[in-house]
Amino acid sequence: MSEGMMEPYGGPISFFRLPYAENAAGLDIAVMGIPFDLATTGRSGARMGPRAIREMSLTMAEFPWGVWPWDYHFNDKWKVADLGDVMGFTAYPDRMFNLVEEHADTVLAAGSALLTLGGDHSVTYPLLKAHAKKHGPLALIHFDAHSDTWESDDLNHGTMFYHAIKEGIILPEHSIQMGMRTPNPETMGMLVIDGNECLKTTAEALAKRIRERVGNQPAYLTFDIDFLDPAYAPATGTPVVGGPNVAYAREVLKLLAGLNIVGGDQVEVAPHYEGPGQITALAGATIAADILYLIGESKST
């Protein structure tokens, strides 16, 4: 293999060409994939999300200066590696929740923070449980077109925050949901900023509201790709028109630097519905990188 820069169309595939590691020992931040979509209520396909996100991240990994507009490469400040995917639940969805929680527990116990690539949004539930065991109840920063608080005894990608709040994992008084574009059930005490309100609110103003809501609480940031309008992210299981664009979402995220974001995920990329250019996976990879920066910035404060 030649030395120096590696073109995005060749070589091994990992998130941003990070080295693969067998475990999180010695890491500041670990990246983990969960190729799971058996809890979807709409179109399946998000099990292929982690692979697609990793592949499109290579388009930004060719150069050593990081991801614009961040002015440094995360490798310059933190030791980061890709742990690969959690596996062992194919055709057995009930196994996923315990397996993911156990893997996340192991990563966090090693002293590493965790960025996760989904997978459908139900994967956030066991990740929240693991992070709450380490950090205590969490503020939730939730970008999505759906509230995912539907009241049901079942666990799927539309009910997991209902369960998490009932179980005391999430602090609703410090949590905020943005981009909702479907009829919402009870907010369960969270602040909800729907899609229309997002479009009327500047990125600076929205980031300010997030900061005010979260305060100094340990926060978990989850970004469902369908927060974006389908013009920018068509390849997802439950697309809803009327959402923000990618530049707006990234500007909001950049303005959250310094919050105590202890973990996060990017979910619901379903690449089989992609058009030419793999624009959804590219958006997902870029936003996942932004979340990685935010987690790192939190570790640095």
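For the reader, a short list of remarks on this structure follows.
- Meets criteria (touching a residue at least 60 places away in the same chain (Cβ under 8 Å), among the hydroxyl-bearing types (Ser, Thr, Tyr) and either more than 19 Å from LEU27 (Cα to Cα) or surrounded by 22 or more Cβ atoms within 10 Å (Cβ to Cβ) (or both)) for THR59: yes
- Filter pass, ILE193 being crowded, with 21+ Cβ neighbours inside 10 Å, touching a strand residue (DSSP E or B) at 6+ places or on another chain (Cβ under 8 Å) and not hydroxyl-bearing (Ser, Thr, Tyr): no
- Sub-6 Å Cβ pairs linking a first residue in region 167-195 that is within 17 Å of LYS129 (Cβ to Cβ) and modelled with pLDDT of 95 or more to a second residue that is buried (at least 17 other Cβ atoms within 10 Å of the Cβ) and small (Gly, Ala, Ser), at least 6 apart or interchain, are ILE169/ALA132; ILE170/ALA164; LEU171/ALA139; SER175/ALA139, ordered by first then second residue.
- Scan of region 1-29 for residues that are polar (S, T, N, Q) and either modelled with pLDDT under 80 or in contact with a Gly (Cβ under 6 Å, 6 or more places away or on another chain) (or both), ordered by number: SER2
- Test: PRO234 is modelled with pLDDT under 95 and surrounded by fewer than 18 Cβ atoms within 10 Å (Cβ to Cβ): no
- Candidates in region 1-23 are the residues that are aromatic (Phe, Trp, Tyr) and in a helix (DSSP H, G or I); of these, the one that is farthest from ASP148 (Cα to Cα) is PHE16.
- Checking each residue in region 76-115 for being in a strand (DSSP E or B) and within 14 Å of LEU292 (Cβ to Cβ) picks out VAL80, ALA81, ASP82, LEU83, ALA113, LEU114, LEU115.
- Looking across ASP120, ASP82, one residue alone is within 14 Å of ARG47 (Cα to Cα), among the charged types (D, E, K, R) and touching a strand residue (DSSP E or B) at 6+ places or on another chain (Cβ under 7 Å). It is ASP120.
- Residue check, MET60 assigned to a helix (DSSP H, G or I) and aliphatic (A, V, I, L, M): no
- Which listed residue, of GLY49, GLY26, GLY33, is closer than 26 Å to GLU102 by Cα and assigned to a strand (DSSP E or B): GLY33
- Among the candidates PRO183, PRO172, residue that is surrounded by fewer than 21 Cβ atoms within 10 Å (Cβ to Cβ) and more than 22 Å from PRO218 (Cα to Cα): PRO183
- Members of region 160-179 that are within 26 Å of LEU199 (Cα to Cα) and β-branched (Val, Ile, Thr): ILE176
- Scanning region 263-289 for residues that are under 21 Å from TRP70 (Cα atoms) and surrounded by fewer than 21 Cβ atoms within 10 Å (Cβ to Cβ) returns a single hit, ILE279.
The values are calculated or read from the model by the stated rules, or taken from the named source; none is laboratory data. Being a predicted model, the structure only gives us computed values, none of them experimental. Counting neighbours? That spans all protein chains shown, and the Cβs are built from the backbone with ideal geometry, glycine included.
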